[in-house]
Amino acid sequence: QIVQYLADYRPYPFILSETRLDFTLVPDATRVKAILSFAPRDSGQSQDLVLDGGEEVKLISLTIDGHEPDPAHVTRQDETLTIAATALPDAPFTVETEVEINPMANTTFEGLYMSGGMFCTQCEAQGFRHITFYPDRPDVMTTFRVGIHSDQNVLLSNGNLIGQKECGTEWYDPWPKPSYLFALVAGNLVAISDSFTTLSGRKVDLNVWVRPGDEDRADFAMESLIRSMKWDEEAYGREYDLEVFNIVAVDDFNMGAMENKGLNIFNSKLVLASPETATDGDYERIEGVIGHEYFHNWTGNRITCRDWFQLCLKEGLTVFRDQQFTSDMRSAPVKRIMDVQTLRARQFREDAGPLAHPPRPDHYEEINNFYTATVYEKGAEVIGMLKRLIGDDSYRQALDLYFDRHDGDAATIEDWLNVFQDATGRDLTQFKHWYTDAGTPHLNMVEEWSETTAGGTLTLTFTQNTPPTPGQPDKPARVIPIAVGLIGPNGDEVLPTQILEMTQASQGFSFEGLGARPVVSALRDFSAPVILTRNIDDDTRAFLLANDPNPFARWEAGRELAIAALVALSQGQPGGDSYVKAIGQLIADDDADPAFRALCLNLPGDEEIATRLSTLGIEPDPDAIYQARQDLARRIAETHQDLLARIYDSMQVSGAYSPDAEPSAKRALRIAALSLLNRIDGGERAEILFGTATNMTERMAALTCLIRRGRGQTALQILLEQFGDNRLVMDKWFSVQPMAAPPESAVATARELAQRSDFDWKNPNRYRALIGGLSANHAAFHARDGSGYNFVAEWIMKMDPVNPQIAARMSSVFETWPRYDTVRRAKALVALEQIAAVAGLSRNTREMVSRMIA
Ligand code: B3K
Ligand code: ZN
């Protein structure tokens, strides 16, 4: 069966009470013995035992309760091994298998594979079936006892270490878990170690394992882990539950990191950092992802998902938790603004195109294609809305009930919503549409003002409408929490933030007894993931940018001014005066948070402008957008030259580097000023900064500016000489070139880079750096001659047989193709059809491409 449906869910007919595994690790011939203790779920059920197992898994032996079954009762077909019911007792029984696998030949980085000479695993979502035969589904949970034999010096698995001999260790994980949380690592590794004492006084050993030579770049990861453990105790009352917590950094990893129980495995770029090699952004991401994986211990591991349709149960909640963590560690408004930027750039874009799906999809072909911005980021937004609707205290009570009621369960979105219903007495039937319906609601606001002797009344009428998405033509009205505040003409707030709860397709809310007509600050903190439209002029936006006490709404007002200007300019109309003026006032305000000022100063990217144009029903022209953005940036630089120069000089941070929020904020503002000044100083400041900066944040910023000015060669050469053997720095080196190159030369640059011997394309980070770097250059990827599409398509086809997950993920850069002009659409379609025509294309990429050309 190709398509999997939520409606087809059935519990597994057997209970698995224990899993014992024994690994003898050999790069090209690893042996795995498994002892699985089953019992029928219902007596007298007479069901076949179906185990999952990849076609490449070589079965060496199989016994049931110690006896070899009659071969006629055992069937291997596709990715399963079936033992007929007749061969099974109607009582508990043990299945013992031995298999052989070849980790060295595994280029998919799923299952057991090798990276830089070490063995490691990635099992989510369905990688465990490439290690041995097993009921590889999240609702089958049990304890694991794991023996590892290998000549590598560090041998790790989940849980606690219970035995250690020469060439072998034994691990026991007392917490029942599904196979996707299994992990094993064997390598010549070194640790930086520390410990943490939990709320109830238990001491936990903490290790971050890295390759020898990398240990001086792992301290920040360790500090982040300790901060995460403490935060989860304080914010959610959640304690860690094993004697040890291990983190391992690996170079070849398909995604960011993985929350395996007690043994998190990380892409090395999310562990290793030093001021000379990592940027402020890298540090912030490391802290956030270390937190994210750690928080999964409760939201994902102790309470897991019943099936993969429920993925957002753990991912949406864990993203929400890591966002809260970062807000608490750094600046809450800045974090909110950055999260909304990401949401709009990735999720709104997904929701508006052929790959749109609800946070809880009801069918899929390949689950790995559903680790998306919708499941993660929108999944988190939905929880933010719930919290806003019920308030902070009720949220905490609901979460306590969730942990209490479902600890040890494989749960569903229905379970989650029931917890909130029971904790608050609220009916969440309508709210559930946020989980089951795709698409971003469009919300329009109309203001009406009337005055009587008793005072003025303001009525806000909201109308919602969600455009159709694949398979979902009609959308019922949703519950939308709309945070609103009112600001008087003198700039004082006359009504602090209120949450209006919209439940109808069209609904009015009135505010009476007002003195003078106020200005409405709507959708504060981005209280719902919707596209808000309203009839508002530039002066009112500038007023909000200057006066709104809600930092998000202030930023949003500035953003709207900028987008309006760019939309006009890209269509050859005049625009931008209000924005240029308003932004000058804002950045001159030395009392405002530098991070906030930096965010306001950064212009929306080409992609964001294209998205806005297409929301307005206009075909975006990538070249015109690029030009409009260049022109506006240049005007800002010319108008505010002195102010920007003053900011650039005064935001210099002296003393030892620290990745904390405050110095990072100053650097961010300084860099924002630099990138504008760079347009009129010929690259002079960037040149000096590149030569003098001692941290990677400023060096990368300077390098980007130099490439934009067409004078990056010397700096690129210097970086290559200095860091040629540092993979993570070289990834930056590979990505910045196609990304910052002028659109007309970017594809040629990318093609040249792809020829280099150090373009180790099978490494996911390196591949994403170059191919993803080019596709992030909007005008280059969407070049009218199709050269950008062709380059990316070639590399998707090349990657597909090697690593289908990475190829399929890359293919989503095409998801916006239907919104462009006929010439571009035709070229994109040819590229997609070429991919679709490849014989033996993976299920992963096939599903993505066919959804995009459907
Ligand atoms: N749960 C993993 C993602 C697994 C992706 C599988 N294709 C990391 C995370 O979300 O924390
Ligand atoms: Zn996660």
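Values in this text are rule-based calculations from the coordinates and carry no lab data. These figures come from a predicted structure and were not determined experimentally. Don't worry about glycine lacking a Cβ; one is built from the backbone with ideal geometry, like all the others, and counts go over all protein chains shown.
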Note to self: Spelling out what I want: for every residue of segment 593-607, take phi, set θ = phi - 60°, compute 6.51 cos²θ - 1.76 cosθ + 1.60 (Karplus), and round to whole Hz; glycine and proline get x.
What the structure shows: 4, x, 5, 5, 5, 4, 4, 6, 7, 6, 5, x, x, 4, 4
Next item on the list: Name the residue farthest towards the positive end of the dipole of the chain from the options Val747, Pro518, Val248, assuming +1 on Cβ of Lys and Arg, -1 on Cβ of Asp and Glu, about the Cα centre.
Entry: Val747
Check: Can you list the HN-Hα couplings for segment 664-678, worked out from phi with the Karplus curve (6.51, -1.76, 1.60; θ = phi - 60°), rounded to whole Hz and with x for Gly and Pro?
Finding: 4, 5, 4, 4, 4, 5, 4, 5, 4, 5, 4, 5, 7, 4, 4
Check: Hey, rough spin-label estimate for Gln47 and Thr503, points 7 angstrom out along Cα→Cβ, what's it come to in nanometres?
Finding: 4.0
Item checked: Computed FRET value (nearest 0.05) for Lys762 with Asp539, which takes r as the C-beta separation and R₀ as 56 Å -> 0.50
Next item on the list: Add +1 for every Lys or Arg and -1 for every Asp or Glu among the other residues with Cβ under 12 Å from the Cβ of Arg824, and state the total.
Entry: -1
Next item on the list: Select from segment 373-421 those GluC sites (Glu not before Pro) which occupy a DSSP coil region and have at most 14 other Cβ atoms within 10 Å, ordered by residue number.
Entry: none
Next item on the list: Measure nothing fancy, just the Cα-based angle from helix 280-295's long axis to the longest principal axis of the chain, in degrees from 0 to 90, nearest 10.
Entry: 40
Item checked: Inverse mean reciprocal Cα-Cα distance (Kirkwood Rh) of segment 10-123, Å -> 15.3
Note to self: Exceeding 30 Å between C-alpha atoms, which entries from my cross-link table qualify? They are Lys314/Lys666; Lys230/Lys335; Lys177/Lys269.
What the structure shows: Lys314/Lys666
Checklist line | Calculated [θ] (222 nm, deg cm²/dmol) that DSSP helices of n ≥ 4 give over the chain, each run adding -39,500 (n - 2.57) | finding: -12000 deg cm²/dmol
Next item on the list: Can you put Lys58, Lys335, Lys203 in order of Cβ neighbours within 10 angstrom, beginning with the fewest?
Entry: Lys203, Lys58, Lys335
Check: Gap in Å between the Cα centre of segment 721-736 and the Cα centre of segment 287-336?
Finding: 30
Check: At each listed q (0.09 Å⁻¹), what is the log10 of I(q)/I(0) that the Debye formula gives for the chain modelled as equal alpha-carbon point scatterers?
Finding: -0.95
Checklist line | Hz values of 3J(HN,Hα) by residue in segment 745-760 - Karplus curve (6.51, -1.76, 1.60), Gly and Pro given as x | finding: 10, 5, 5, 4, 4, 4, 5, 5, 4, 5, 7, 5, 5, 8, 7, 7
Check: Between the helical axis of 727-740 and the dominant principal axis of the chain, each derived from Cα atoms, what acute angle in degrees is found, rounded to the nearest 10?
Finding: 40
Margin query: Can you give me the long-range amide H partners of Trp175? Hydrogens built in the peptide plane at 1.01 Å from N, cutoff under 5 Å, separation of 5 or more residues or another chain.
Written below: none
Check: For the chain, with the dipole built from +1 on Lys and Arg beta-carbon atoms and -1 on Asp and Glu ones, taken about the Cα centre, which of Asn465, Thr452, Tyr820 lies farthest toward the positive end?
Finding: Tyr820
Next item on the list: Please report how far the C-alpha centroid of segment 206-276 lies from that of segment 473-502, rounded to the nearest whole angstrom.
Entry: 40
Check: Using alpha carbon centroids, what distance separates segment 357-405 and segment 569-637, in Å?
Finding: 33
Checklist line | Built amide H within the under 5 Å cut-off of Phe253, gap 5+ | finding: Asn765
Notebook entry, point to check: Can you pull out the GluC sites (Glu not before Pro) in segment 129-217 that DSSP calls coil and that have at most 14 other Cβ atoms within 10 Å?
Noted result: Glu166
Margin query: What does the charge count around Pro743 come to, taking other residues whose C-beta lies under 14 Å from its C-beta (Lys +1, Arg +1, Asp -1, Glu -1)?
Written below: -2
Margin query: Per 0.36 nm of contour for each residue apart, how much would the distance between Ala72 and Asp216 grow if the chain were fully extended, relative to their Cα-Cα spacing?
Written below: 46.0 nm
Next item on the list: Give the angle, between 0 and 90 degrees and rounded to the nearest 10, that separates the Cα long axis of helix 577-588 from the longest principal axis of the Cα atoms of the chain.
Entry: 70
Checklist line | In nm, spacing of pseudo-spin labels at Thr429 and Glu662 (7 Å Cα→C-beta vector) | finding: 5.4
Check: Over the chain, what is the relative contact order in whole percent, taking alpha-carbon pairs under 8 Å and six or more residues apart?
Finding: 8
Next item on the list: Would you work out which of Pro361, Trp308, Leu343 lies farthest towards the positive end of the dipole of segment 304-436? Charges go on Cβ: Lys and Arg +1, Asp and Glu -1.
Entry: Leu343
Notebook entry, point to check: What is the magnitude of the charge dipole of segment 442-535 about its Cα centre, with +1 placed on the Cβ of each Lys and Arg, -1 on the Cβ of each Asp and Glu, and no other charges, expressed in debye to the nearest 20?
Noted result: 300
Check: Expressed in nm to one decimal, what extension gain is obtained for the pair Ser850 and Ser745 from 0.36 nm per residue of sequence separation less their Cα-Cα distance?
Finding: 34.7 nm
Margin query: For a quick check: with amide H placed at 1.01 Å from N, whose amide H comes under 5 Å from Leu184's, ignoring anything fewer than 5 positions away on the same chain?
Written below: Thr121
Next item on the list: Can you tell me the relative contact order of segment 726-854? Whole percent, Cα pairs under 8 Å, sequence separation 6 or more.
Entry: 21
Next item on the list: Work through the residues other than Lys33 whose Cβ is under 10 Å from its Cβ and net out their charges, Lys, Arg +1 and Asp, Glu -1.
Entry: -1
Next item on the list: Assign unit charges at the C-beta atoms only (+1 for Lys and Arg, -1 for Asp and Glu), then state the dipole size of segment 726-854 relative to its Cα centre in Debye, rounded to the nearest 20.
Entry: 240
Checklist line | Percent of beta bridges antiparallel (DSSP, segment 445-539, rounded to nearest 5) | finding: 95
Notebook entry, point to check: Which value, in debye to the nearest 20, describes the size of the charge dipole of the chain about its Cα centre when Lys and Arg Cβ atoms bear +1, Asp and Glu Cβ atoms bear -1, and nothing else is charged?
Noted result: 1500
